[in-house]
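Everything on this sheet refers to the single structure shown next.
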Amino acid sequence: MLFYSFFKTLMGKRITVELKNDIVIEGLLHSVDQYLNLKINDIRIISHPKKELFGTLKNIFIRGSVIRYMHLPKDDIDTDILQDATRREHNTHRIVIDNKKK
Amino acid sequence: MVLKSPYDLLKVSLDEKIDVKLKENIMLKGILHGYDKHLNMVLEDVEETKTDVNVETEKIEVTKRNIDMLFVRGDTVILVNTKLREE
């Protein structure tokens, strides 16, 4: 649940999402779920290599599995907190593995 | 330094520069700030190198770009390289 919590802290910030089909969309992160599906509002299409049509689309839902990258605002991220949370998540995961081996 | 599992290698690489090879001939270099069991990652000061082969001209095109802070979805990750050495 690490990145789910991480993205919840970025709700309301503008981010850029790059999809696996090379479409790049910038917009306001409205919400995120456990699958890292996203709802982005007020979108701007930055790049669509195959000239897909978006019309007057404003608010979208993106399935998490089609995302390649998310470009994040550096200033809004505390890397120390993220590293600490990662270490804790790592230890939780290790406990699960060790218990399964028993 | 005892590394019991592949994840331990990632854990000791936190706050270090790592290389990440992705599907479709993409190479990332950046500082690892976070990861999870799916190999989703957050990297800082990333240099992305894309290597495309132009079938018509039979030329190799290398495109580079820099990104301040990047979340990478784990399902595209092929491998992770760290600079650590066994002591």
(message) What's the total accessible area buried between chains A and B, using a 1.4 Å probe, rounded to the nearest 100 Å²?
(response) 2700 Å²
(request) Return the loop-located trypsin sites (Lys or Arg not before Pro) in region B:1-77 (DSSP other than H, G, I, E, B) with at most 16 other Cβ atoms within 10 Å of their own Cβ; answer none if there are none. (result) B:Lys4, B:Lys23, B:Lys37
(message) Tell me which GluC sites (Glu not before Pro) from region A:1-56 have a DSSP coil assignment and no more than 12 other beta carbons within 10 Å of their own.
(response) A:Glu52
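With the contact rule set at Cα under 8 Å and sequence spacing of 6 or more, what percent relative contact order holds for chain A?
After rounding, I find 26 percent.
What is the projected area of the convex hull of the Cα atoms of chain A, averaged over all directions, in nm²?
Details: hull surface 30.0 nm².
The Cα convex hull of chain A, projected and averaged over all directions, gives 7.5 nm².
With all pairs of different alpha carbon atoms counted, what Kirkwood hydrodynamic radius in Å does region A:16-61 show?
Taking the inverse mean of 1/r over all distinct Cα pairs, region A:16-61 comes out at 11.0 Å.
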(request) Equivalent ellipsoid semi-axes for the protein assembly as shown, as square roots of 5 times the alpha carbon gyration tensor eigenvalues: give them largest first, rounded to whole Å. (result) 29, 22, 14
(message) Not counting ligands, DNA or RNA, and with a 1.4 Å probe, what is A:Ile43's accessible surface area in Å² rounded to the nearest 10?
(response) 30 Å²
(request) Compute the accessible area of each residue in region A:15-62 twice, once for its chain alone and once with every protein chain present, using a 1.4 Å probe on heavy atoms, and list those whose area falls by at least 20 Å². (result) A:Glu18, A:Lys20, A:Leu36
(message) If you scale each eigenvalue of the Cα gyration tensor by 5 and take the root, what three semi-axes come out for chain B, rounded to whole angstrom and sorted largest first?
(response) 27, 13, 12
(message) Accessible area of the protein assembly as shown with a 1.4 Å probe: how many percent of it is carbon plus sulfur?
(response) 52 percent
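Could you work out, residue by residue across B:16-25, how many beta carbons of other chains sit within 10 Å of that residue's beta carbon, and then give the average as an integer?
1
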(message) For Cα pairs less than 8 Å apart in space and 6+ apart in sequence, what is the mean separation divided by the residue count of chain B, i.e. the relative contact order in percent?
(response) 29 percent
(message) Need the per-residue list for region A:82-97: every residue with at least 30 Å² less accessible surface in the complex of protein chains than in the chain by itself, probe 1.4 Å, sorted by number.
(response) A:Leu82, A:Gln83, A:Thr86, A:Arg87, A:His90, A:His93, A:Arg94
(message) What do you get for the angle between helix A:79-101 and the principal long axis of chain A? Use alpha-carbon atoms, 0 to 90 degrees, nearest ten.
(response) 60 degrees
(message) Using a 1.4 angstrom probe on the protein heavy atoms only, could you order B:Val55, B:Val80, B:Val20 from most to least accessible area?
(response) B:Val55, B:Val80, B:Val20
(message) Keeping every protein chain present and rolling a 1.4 Å probe, give me the accessible area per residue for the protein assembly as shown in Å².
(response) 60 Å²
(message) Less than 12 Å apart at the alpha-carbon level, and either on another chain or at least 8 residues along: which aspartates and glutamates does that give for B:Lys37?
(response) A:Glu89, B:Asp8, B:Asp75
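The values are calculated or read from the model by the stated rules, or taken from the named source; none is laboratory data. Just so it is clear, the model here is predicted, and its values are computed rather than measured. Note that we place each Cβ from the backbone using ideal geometry, even for glycine, and neighbour counts take in every protein chain shown. What goes into the accessible areas is simple: the full protein's heavy atoms, side chains included, and nothing from ligands, DNA or RNA. Shrake-Rupley method; radii C 1.70, N 1.55, O 1.52, S 1.80 Å.
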